[in-house]
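K.L.:
The structure's right below; bear with me while I get my questions together.
The values are calculated or read from the model by the stated rules, or taken from the named source; none is laboratory data. These numbers were taken from a predicted model, which means no experiment stands behind them. As a convention, Cβ positions derive from the backbone with ideal geometry for all residues, glycine included, and neighbour counts pool all protein chains shown. Accessible surface areas use protein heavy atoms only, side chains included; no ligands, DNA or RNA. Shrake-Rupley method; radii C 1.70, N 1.55, O 1.52, S 1.80 Å.
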Amino acid sequence: MIDFRPFYQQIATSSLSAWLETLPLQLKQWEKSAHGDYAKWAKIVDFLPNRTACINLADKVEARLDTPLSEGEMQRLVYHLKQLMPWRKGPYHLHGVHIDCEWRSDFKWDRVLPHLAPLKDRTILDVGCGSGYHMWRMVGEGAKMVVGIDPTELFLCQFEVVRKLLNNDRRANLIPLGIEQMQPLHAFDTVFSMGVLYHRKSPLDHLSQLKNQLVKGGELVLETLVIDGDVNDVLVPADRYAKMKNVYFIPSVPALINWLEKVGFKNVRCVDQAVTTLEEQRKTDWLENESLIDFLDPKDLSKTIEGYPAPKRAVILANN
């Protein structure tokens, strides 16, 4: 099983120390109810080669070996990595293996990064972090500490595999909880919530939870699905949206800005809007499931298969 004690030691003397009042007990309870395959997935970390690599996190997530793996070692590495499919957010370049994930998450990062307050020396929270691709890019920008939260056990094990191949780098950590389980810490300089808001039944509660994690003056980076429209326009899908069952509210940008201001955020501004392309989200050899092309109307790619506007995403920045 994955050992969280190094993280406890890491935050004991940091601005996150108050989290130790609740976190260890929460994670013990989480382990008791974890997915049935969690133990199998977690063991894969132990099977990976212990090789020191040259790390590049500045413009990709890469671990490069001076002496390449043998053919047998490479086959074993690919085998173990494929036991953790589907790989959704990436890509990763690890010991000669290119994990070509469903999402080209570097596209999103390239859209977001130019607008951010510098991440150097910041303590950062990444809500709904998936397998942690963007966390490593934050480390590459000089972040002091990045904490990701995501309750999905598979993502935790993918993250720990990547961490081991990145020389067991401890500047990023993934905690398998949801934002609603976190006490208000008011300790993070930057909080990211990317691809989460539309999955929340109460979006204003989610925005308040994000605000409760920020230091005074800290920056929120919110990336989410949006529709065209004015301050009163919000799409509430009747059943599914792009085949997803758990999509509740998709606001227009003006409506979203209004929500943020209602919960107390300041200096709220939209810095990017982009329609999701078939180059950014697509099926690969590292994904057995359907992908974006299967979620769109084959006769009109500007609509989802249900007839709603095709996925369009906006990046909103705000300050606490």
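K.L.:
Just one of (1) closer than 24 Å to Asp189 by Cα; (2) under 19 Å from the mean Cα position of the chain (by Cα); (3) touching a residue at least 40 places away in the same chain (Cβ under 8 Å); (4) open to solvent by 40 Å² or more (accessible area, probe 1.4 Å) trips up Leu210, so point out which.
P.N.:
With (1) closer than 24 Å to Asp189 by Cα; (2) under 19 Å from the mean Cα position of the chain (by Cα); (3) touching a residue at least 40 places away in the same chain (Cβ under 8 Å); (4) open to solvent by 40 Å² or more (accessible area, probe 1.4 Å) applied to Leu210, the lone miss is (4).
K.L.:
Being surrounded by 15 or more Cβ atoms within 10 Å (Cβ to Cβ) and without any contact (Cβ under 8 Å) to a residue 60 or more places away in the chain is the requirement here; does Leu57 meet it?
P.N.:
Answer is no for this residue.
K.L.:
Does Ala53 satisfy being touching a Lys or Arg at 6+ places or on another chain (Cβ under 7 Å) and closer than 30 Å to Pro114 by Cα?
P.N.:
Answer is yes for this residue.
K.L.:
Scan region 273-320 residue by residue and report those that are open to solvent by 60 Å² or more (accessible area, probe 1.4 Å), among the aliphatic types (A, V, I, L, M) and assigned to a strand (DSSP E or B).
P.N.:
Residues satisfying the conditions are Val275, Leu301.
K.L.:
Oh, and also: If you check Val127, Val162, Val112, Val196, which single one turns out to be open to solvent by less than 10 Å² (accessible area, probe 1.4 Å), within 12 Å of the chain's Cα centre (by Cα) and not aromatic (Phe, Trp, Tyr)?
P.N.:
Of Val127, Val162, Val112, Val196, the one residue that is open to solvent by less than 10 Å² (accessible area, probe 1.4 Å), within 12 Å of the chain's Cα centre (by Cα) and not aromatic (Phe, Trp, Tyr) is Val127.
Yes/no matrix, rows are residues, columns are (1) touching a helix residue (DSSP H, G or I) at 6+ places or on another chain (Cβ under 8 Å); (2) closer than 13 Å to Leu84 by Cβ; (3) among the hydroxyl-bearing types (Ser, Thr, Tyr):
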residue	(1), (2), (3)
Gln9	no, no, no
Thr13	no, no, yes
Glu21	no, no, no
Pro24	yes, no, no
Lys28	no, no, no
Asp37	yes, yes, no
Ile44	yes, yes, no
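K.L.:
Name the residues in region 165-179 that are under 16 Å from the mean Cα position of the chain (by Cα) and more than 18 Å from Arg88 (Cβ to Cβ), would you?
P.N.:
Arg171, Asn173, Ile175, Leu177, Ile179 - these are the residues of region 165-179 that are under 16 Å from the mean Cα position of the chain (by Cα) and more than 18 Å from Arg88 (Cβ to Cβ).
K.L.:
(1) open to solvent by 10 Å² or more (accessible area, probe 1.4 Å); (2) outside any loop (DSSP other than H, G, I, E, B): which one isn't true of Lys120, the others all being true?
P.N.:
Just one mismatch for Lys120, condition (2).
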